[in-house]
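Here's the structure we're looking at; comments come further down.
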Ligand code: IVH
């Protein structure tokens, strides 16, 4: 960045971040997502690190915490309340631990304590001669606000220490938070009263605690976890772990998942185990706090800018960044669905540059207020396709709400939106998109041909070289070398891979044919149940319904597809090319730890496609079906699940599994 640009950008960021801080801490009415704040803050810190002369006293990087408002009396903490530096990768944890080891001196064993990083607000409770004398918010770390009357309404905060016997003054630190169940109930109530709902549990907690009238606080479902001690003269404590046990013994709630480990390898492993647990908790956590256990080691490590060297906040995915949404483009899928997707100004998220993201449908886009031209927050969860969380801040640049086109961008046919469905569709069965997308699905998913990518398929299509699956199998090396990016060898390899893909199992062939409503699971069911394509071609609707999980509507759609002359010709052509149309070894169900169980997967998952989830379950021996019955062991529910499936599952008492549950189920095996 040119120096003048850096100066202007730093000023812009300072102004925006400071405004965001006031909105958040003083007004309890945030103007941007936390993730966006973090990203912008890091950008400013980066500029300042590069050009220290750009640091100004009013830069948000120069303060430890929140500004103090004048609503409450200010109080000084006996010992300051610092904040935590964050780490996001295993490497960063290892590097930090290495630094800790180096500072402490060689060979000294270091134990760590891991605790959930509760997403609430930090408070300092001062007990004098066993009795709660004062409770304050963290404020700027040195001075906070006296909110004692409000804190006294929180039932999990002891008004007097249990067991007694502690003379003098002790500071107990912890997090006030609002459980998710309480948060939902509160918002329902606020909305019913015609008031504005709170944006997230942490703001709900902060807002509830900073009420002028303590009876309002009392009516809010707040709770508390203690996670440490401040000044504690007269109490002999040697380690943090001991302090936690001591607190517990004196009546303070200690998070039951806190744990102590002896090596840094365990730290990383345990921290990751938390990713799965996170989804099951009734409170939000935004990471794990890792602390060096021994107090004398903590003291020797010291701190830098009020951030202790003895602790780190480990924050895992989702990794987020802010970038410009250039355009919302439409892609027509192989079933005719109009899928909107985002073209983004390229941005790095967790080490990967991304320039596109999925968007679900018109309603979702407008509910999230996503508009072309806006700065948006993008999020990558694990290794999957990035998503747009929402607009990044108050600076709305895009003014137009998004509208789906009225006509199919490929064939011009008027688009329809079937009753009860979220997606718009092009009803034209001859729409070129279906042919192209079928081909892409064949190459990328059904046959999974190595060395031929989506872009190649598009080019082959555009040039008119390959417009159908049989044409793909007639593609020659010579023809391929005419395309950019193919040399003799790569073209030879690609043609060989195409040839080898003729051996894919019957069920994959069926899946790749793009028969309406026949996904991965149904293709397998059909292959198993009918055994050969001839049996399938001649199957009546009644016969089709006999196959597991196939309802009358789907049966009719399948029968209709096979009655179509063109489709039958396609089957014959592929058969004469040598593709498999008989069930084989692969169609026999796998034996495994999940044998005997039946699962249904519905909706879109984040970390894998539905097909991958189903295949993974089947590989462990589970039966995967498309329809819910009382025999279903569990239903995995992704985003935008099938409503009737969900209703059926709830009625039949089938357990609902989140994606995290699924990952745990697969991972545990
Ligand atoms: S220890 C020197 N432990 O995270 C700071 N903090 O950025 C020591 N938090 O303001 C803090 N859970 O609001 C600690 N188990 C935990 C925590 C925790 C949540 C919050 C707290 C603090 C912020 C640190």
| task | Can you tell me how much longer the chain between residue 400 and residue 463 gets when fully stretched, taken as 0.36 nm per residue apart minus their C-alpha distance, in nm with one decimal? | result | 19.1 nm
| Which length gain, in nm to one decimal place, applies between residue 12 and residue 651 when the Cα-Cα distance is subtracted from 0.36 nm times their residue separation? | 224.6 nm
| query | Relative contact order, percent, of the chain when contacts are C-alpha pairs under 8 Å separated by at least 6 residues? | reply | 9
| message | Give the separation of the Cα centroids, the range 543-557 to the range 271-349, in Å. | response | 44
| Sorted from fewest to most neighbouring beta carbons within 10 Å, what does the list 16, 483 look like? | 483, 16
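Grab the beta carbon distance between residue 644 and residue 569, set R0 = 45 Å, and tell me the FRET efficiency rounded to 0.05.
0.80
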| request: First measure r as the distance between the Cβ atoms of residue 556 and residue 604, then evaluate 1/(1 + (r/R0)^6) with R0 = 30 Å and state the FRET efficiency to the nearest 0.05. | output: 0.70
| message | Just to confirm my numbers, what's the Cα centroid distance between the range 646-666 and the range 399-444 in Å? | response | 31
| message | Can you sort 178, 32 from fewest to most other Cβ atoms within 10 Å of each residue's own Cβ? | response | 32, 178
| To the nearest 0.05, what FRET efficiency results for residue 499 and residue 89 with a Förster distance of 45 Å applied to their C-beta separation? | 0.60
| remark: Cβ density ranking, 10 Å radius, fewest first, applied to 540, 609, 217 yields 540, 609, 217
| task | Compute the separation of the alpha-carbon centres of the range 582-632 and the range 172-212 and state it in Å as a whole number. | result | 40
| query | Which angle between 0 and 90 degrees, to the nearest 10, do you get for helix 552-563 versus the longest principal axis of the chain when only C-alpha atoms count? | reply | 40
| Potential extension, residue 235-residue 542 segment - 0.36 nm per residue separation minus Cα distance | 102.6 nm
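Computed from the coordinates by the stated procedures, all read-outs in this text should not be read as laboratory data. Everything quoted here is computed from the prediction, not taken from an experiment. In this analysis, Cβ positions are derived from the backbone assuming ideal geometry, glycine residues included, and neighbour counts consider all displayed protein chains.
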